[in-house]
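Notes to accompany the following structure.
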Amino acid sequence: MLLGTRQIYILPTRHGLLFTLVLVGLALAAINYSNALAYLLTFLLASMAIVSLLHTQRNLLKLRISVAGGEPVFAGGPALFRICLHNDSAARYALRVESAHGVLAPFDIPAHDTRCVALSVPSVKRGWLNCPPLTLASVYPLGITRAWSRRLIPPARCLVYPKPADDAHWQTAAGIEGESRPGVMQDGEDFTGLRAYQSGDALARISWKTLARGQGLHTKEFRAPLAESVWLDWDAFAPHAAEARLGLMCRAVLDAEDSGLAYGLRLPGVVLETDSGAAHRHRCLEALALHEIHA
Amino acid sequence: MKSTPETLQRENALAERAAGHWLLGAAVVVLLPHVPRLPVWLSAVLVTLFAWRFFMLLRAWPAPNRWWRWTLTVVLVFLLYRQYGTLFGRDAGSALLAAMLALKFMELQRLRDYVLSVLLIYFLIVIGFLYSQAMWLVVYLLAVFVLTTATLIRLAVPGTRARFALRLAAVLLLQALPLMLAMHLLFPRLQGALWGLPQDAYAGLAGLSDEMRPGSIRELSLSEEVAFRAHFHATLPPPAQRYWRALVLWTTDGKSWTRGAEPRASLAYEPLDAPLSYLLTLEPSNKPWLPALDLPVQVPSGTRLRSGFVLEARAPVRERLSLELSAHTRYRMHTLGAAERRAALQRPEQISARVQALAAHWRATAGSDAEVVRAALTHFRAEKFFYTLEPPLLGDDPVDEFLFETRRGFCEHYAAAFVTLMRSTGIPARVVTGYQGGEYNPAGNYLIVRQLDAHAWAEVWLPGQGWARVDPTAAIAPERIEYGADGLRRLLARGTLLGGMPPEALRAMLALDTFERARQQLRLSLDAANTAWQRWVLGYNQARQRELLAQLGFEDVAPLRLVGLLALLVALIMGLYVIATRQRAPRPDPVQRAYLDFCRKLARHGLLRAPHEGALDYAGRCARHRPDLEIPVHAITDLYLRLRYGSTDARTDTQELARQVAQFRPAALLSDTKG
């Protein structure tokens, strides 16, 4: 986005109105005493105010603005937008980036240079968070005139992952205590065998595969250490509402990644094969974030 | 935004760090020239408050609490009212502003308080000009102005360096000058005050009095103050013609001379030369008389011609006044009216026998009036008369005492004695006072006439010639006329006895050494600058504005149209500024150009560089997507980065970069063509 003359407005600030009042007072004194130098100084002040309008406008003119969404965040956390101002000519001073989320500290840009600032926007819900409308403003050089840009709506967005379920939810959702996790099916070489399900067995140890094959409820038994590969399945969280389910699955992804497990994700229409690492974690969380969001 | 105590504190800390010291400094320097005029107690209060503020900045002293501040404010305003009897006008107003500024320093909290203080300082700068318009003050206050503006800049742009703020203030000032000039020339000037002017505005002005007593002109002879300046459009009159007539004194009581009951005199004359035109610029004297060369040809508006061909303003000259005049220095008059003759022969009741005898002797021996005049001048020259700046005091009959006892006198003694003698011989005569001579300033082609050039001489009526100037002082001390009052004074100060020295010796004594000459030149150049300043800046008023507009072809412009014209001119100047400073998209340098070419080539293959993407990140991304291009992409990027940020032989490497980019032709992949 390039700021042209049509995108910039200028008006006196409150200090500018005060300044005008003083000018009127000075003019009255000059007229009353018909004092040439008092006239001259009054004219000089007025001229300086007029000239400063140009400086104020030029401080914003022809600035290029680019905004990039920052790293994905979990809902509720601050989403960062990186706002870069590219200056193709003389230095700019005391630029202020204003948005509905407050005003950033004023900063300068040297000639032919670029400065980037981070705007932090609180995220509320998962999905895409669009960069809020921005206004670029400056009261340079005298503080008596303010130039500001038209509301800029940058085409930048930031991905917001679902908020991971907190411990309390996590445990209630599981309905059980201990290390086990709901909907987590462990699957590895350390698997020792199946036994008949007894009430009280961890949900995580139910052999879903045998159940799916119609062979009845079985509980898997493992030899320590635990298996290294799990599947996170949308249907396994069935008793919970959709958003809560996504929160639980998000938590499951994080925990699986933290425990060094390989994990796969099964969502309606999306299947991510078991894997691990930051990129996989991101793919999983992105899938969760954008579940049933079309954009 | 809500102003919680924390945000207030932060705002104050920010403003104080940016401009706290600057504001205090600007306040101190702007008030320095005011201090001698302020009451002593107020100066003491100001010093105390400023010192307190200084320690608030330096040692984090606390500000006095609100109760103290209010009490102090009320007490100060009350004391100021007692001192001046008012809170308005120049004197009380400036004292009040100074006190307000110092009090404001005790409660600086918000950015607005700081800005308000800056505006108060601007006000005090302007008030300084209401007291004096001397050039040094202008330079000083202009420096204060720049400092104050820099303070405002530091408040608006926190964190600017001192040099930057000062330079920006100076730049703004310089850019404002053309606009200021336009406003100066075109802003409608009003005549007269909106409210009362100070009563004492005109006290202490020096000038000729309309009464001449022995010693009255001598009082002026020590004052180097400028009485007026005369710019000649063509040639200057020779020194012997530089008699500036201000007053014609007809009536005497034996001791003093006054205009008395002026006779209605004929104003008819026959000019004998072409008129000499000049611009006369008078300094304020609080007197109406206008010293002009001999016979003024025209009578400018606002002035009138009095009996004896002297010009007088209709009101005392209280502001610098410029008049276009012209004069005939050679002329003839034919008739002397009865009333004029009577007035020109009036004598005091008592004239001593010695004086009458002397007059009778001349009358008896001379054949004509002109010969009587010559005899009188010969008498002054032949007898032991002296010209001195310290004449002895004279008693009840000064003319007799001077002529026969003391014989030492100043121009007024000689003029009075001469005219008394002439009237005793029956020749109509009158005393003329004014100025004689003047210092030529080659820097501006004008004469500077000072109060010390004040002079008195005589005029006698000679049949067939009319009123003719006779300067008896010139007979005793021709040096007075030749070297001017100042030269004469310097000669007398060295103890030279006039009359006995050959002219070469006198000239040698008056010659200036190198240092003195340099000083004189500097003084004259300064005076020329000052005069131009007076003429175009200080003396610019409604009349001059009308004159200027008429010269530009605008006759009788209504104030409102003048404002329109001014707005047009301001818009024009601003338009010129916009054009002059328009930001052209800078032409990229060869290195940048080559790199942008490279980026364009990659973009054609779907690898568009994001605006925020650095060169290295971009190269990495390209290499990941197009492993086949990894080698050239990295080579070009490395070269580019080295040219940009490294130290390298710029010319050959730039050519190398251009060559590599030119050869960089990424092959189209199948997926590219599909996508």
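The values are calculated or read from the model by the stated rules, or taken from the named source; none is laboratory data. Since the structure is predicted, the reported quantities are computational estimates derived from the model, not experimental observations. Cβ placement follows ideal geometry from the backbone for every residue including glycine, while neighbour counts extend to all protein chains displayed.
Quick notes on this structure:
- Scanning region B:266-305 for residues that are touching a helix residue (DSSP H, G or I) at 6+ places or on another chain (Cβ under 8 Å), surrounded by fewer than 16 Cβ atoms within 10 Å (Cβ to Cβ) and under 29 Å from B:Gly464 (Cβ atoms) yields a single hit, B:Ser266.
- Residue list for region B:133-144, restricted to those being within 7 Å of chain A (Cβ to nearest Cβ) and assigned to a helix (DSSP H, G or I): B:Val138
- Residue within region A:123-145 that is among the hydroxyl-bearing types (Ser, Thr, Tyr), within 14 Å of another protein chain (Cβ to nearest Cβ) and assigned to a loop (DSSP other than H, G, I, E, B) present: yes
- Single unsatisfied condition, B:Ala343 versus (1) small (Gly, Ala, Ser); (2) crowded, with 20+ Cβ neighbours inside 10 Å; (3) outside any helix (DSSP H, G or I): (3)
- Checked against the criterion of being touching a Leu at 6+ places or on another chain (Cβ under 8 Å) and not β-branched (Val, Ile, Thr), the candidates B:Ala474, B:Ala416, B:Ala454 yield just one match: B:Ala454.
- Among the candidates B:Leu147, B:Leu130, residue that is at negative phi, assigned to a helix (DSSP H, G or I) and more than 10 Å from every other protein chain (Cβ to nearest Cβ): B:Leu147
- Some residue of region B:532-543 being in contact with a Phe, Trp or Tyr (Cβ under 8 Å, 6 or more places away or on another chain) and either surrounded by fewer than 17 Cβ atoms within 10 Å (Cβ to Cβ) or among the β-branched types (Val, Ile, Thr) (or both): no
- Residue match in region A:2-11 (condition: more than 19 Å from B:Ala182 (Cα to Cα) and within 9 Å of chain B (Cβ to nearest Cβ)): no
Okay, residues lined up against (1) hydroxyl-bearing (Ser, Thr, Tyr); (2) touching a helix residue (DSSP H, G or I) at 6+ places or on another chain (Cβ under 9 Å); (3) surrounded by 18 or more Cβ atoms within 10 Å (Cβ to Cβ); (4) closer than 23 Å to A:Arg157 by Cα:
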| position | (1), (2), (3), (4) |
| --- | --- |
| A:Gly4 | no, no, no, no |
| A:Arg14 | no, yes, no, no |
| A:Thr20 | yes, yes, no, no |
| A:Ala30 | no, yes, yes, no |
| A:Ala49 | no, yes, yes, no |
| A:Leu61 | no, yes, yes, no |
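- Only residues that are surrounded by 18 or more Cβ atoms within 10 Å (Cβ to Cβ) and within 18 Å of A:Pro154 (Cα to Cα) were counted in region A:97-111, giving 2.
- Residue count for region A:256-281, restricted to those that are in a helix (DSSP H, G or I) and buried (at least 17 other Cβ atoms within 10 Å of the Cβ): 4.
- Hey, B:Thr420 among the hydroxyl-bearing types (Ser, Thr, Tyr) and over 19 Å from B:Ala458 (Cβ atoms) or not: no
- Scanning region A:63-79 for residues that are surrounded by fewer than 17 Cβ atoms within 10 Å (Cβ to Cβ), more than 9 Å from chain B (Cβ to nearest Cβ) and not acidic (Asp, Glu) returns A:Gly76, A:Gly77, A:Pro78.
- Qualifying residue in region B:423-433 (condition: under 30 Å from B:His233 (Cβ atoms) and touching a residue at least 60 places away in the same chain (Cβ under 8 Å)): yes
- Some residue of region B:381-401 being in contact with a His (Cβ under 7 Å, 6 or more places away or on another chain) and surrounded by fewer than 22 Cβ atoms within 10 Å (Cβ to Cβ): yes
- Residue satisfying all of: in region B:169-196; within 30 Å of B:Ala246 (Cα to Cα) and more than 7 Å from chain A (Cβ to nearest Cβ); modelled with the lowest pLDDT among these: B:Gly192
- Failed condition for A:Asp113, given (1) within 11 Å of another protein chain (Cβ to nearest Cβ); (2) in contact with a strand residue (DSSP E or B) (Cβ under 7 Å, 6 or more places away or on another chain): (1)
- Verdict on A:Leu21 being within 9 Å of chain B (Cβ to nearest Cβ), modelled with pLDDT of 90 or more and either in contact with a strand residue (DSSP E or B) (Cβ under 7 Å, 6 or more places away or on another chain) or closer than 27 Å to B:Ile579 by Cα (or both): no
- Residues satisfying the criterion are present in region B:307-316 (criterion: in a loop (DSSP other than H, G, I, E, B), within 30 Å of B:Trp536 (Cβ to Cβ) and out of contact with any helix residue (DSSP H, G or I) (no Cβ under 9 Å at 6 or more places or on another chain)).
- Some residue of region B:101-119 being more than 25 Å from A:Gly143 (Cβ to Cβ) and not acidic (Asp, Glu): no
- Against the list (1) crowded, with 21+ Cβ neighbours inside 10 Å; (2) small (Gly, Ala, Ser); (3) free of Cβ contacts under 8 Å to residues at least 12 places away in the same chain, the condition B:Ala134 fails is (1).
- Put simply, of B:Ala265, B:Ala327 the only residue that is in contact with an Asp or Glu (Cβ under 6 Å, 6 or more places away or on another chain) and not in a loop (DSSP other than H, G, I, E, B) is B:Ala327.
- Flag if B:Ala99 is assigned to a helix (DSSP H, G or I), assigned by TED's automatic domain parsing to the domain that holds B:Arg163 and free of Cβ contacts under 8 Å to residues at least 12 places away in the same chain: no
- Flag if B:Thr648 is modelled with pLDDT under 80 and either under 28 Å from A:Cys116 (Cβ atoms) or touching a Ser or Thr at 6+ places or on another chain (Cβ under 7 Å) (or both): yes
- Residue match in region B:516-532 (condition: of a type outside the set (D, E, K, R) and within 14 Å of chain A (Cβ to nearest Cβ)): yes
- Qualifying positions in region B:221-257 - part of a loop (DSSP other than H, G, I, E, B) and touching a strand residue (DSSP E or B) at 6+ places or on another chain (Cβ under 8 Å): B:Ser223, B:Glu224, B:Glu225, B:His233, B:Ala234, B:Thr235, B:Leu236, B:Pro237, B:Arg242, B:Trp250, B:Ser256
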